[in-house]
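Bear in mind that the values in this text are calculations on the coordinates, not laboratory data. In this text, all values refer to a predicted model and were calculated from it rather than measured experimentally. Every residue, glycine among them, receives a Cβ derived from its backbone with ideal geometry; neighbour counts consider all protein chains shown.
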Amino acid sequence: MRVRARIEKIFDTWKRCYGLRRMRWRGLAKAAVQIHLTAIAYNLKRTMNILSVPA
């Protein structure tokens, strides 16, 4: 149950902060690009917080 809670929290952040409630583009390939870009942005922000670099 702990793993699921951790994953659900990430998806919630993506939906709340990065606009993944709806896909920006049509098509599976373009939607995959949007998800990958969101994951990159999330990981960069998380890395900055872990390393405590001011934004």
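Side notes on the structure shown:
- In the chain, excluding the sites themselves, the longest stretch lacking any of the trypsin sites (Lys or Arg not before Pro) that are in a DSSP loop with at most 14 other Cβ atoms within 10 Å is 27-55.
- Among L37, L51, a tally of other beta-carbon atoms within 10 Å of each Cβ gives an order, fewest to most, of L51, L37.
- Nearest-ten-degree value, helix 2-17 long axis tilted from longest Cα axis of the chain: 70 degrees
- Take the Cα of L37, step 7 Å toward its Cβ, do the same at N49, and the gap between the two points is 2.2 nm.
- In the chain, chymotrypsin sites (Phe, Trp or Tyr not before Pro) in a DSSP loop with at most 14 other beta-carbon atoms within 10 Å: W25
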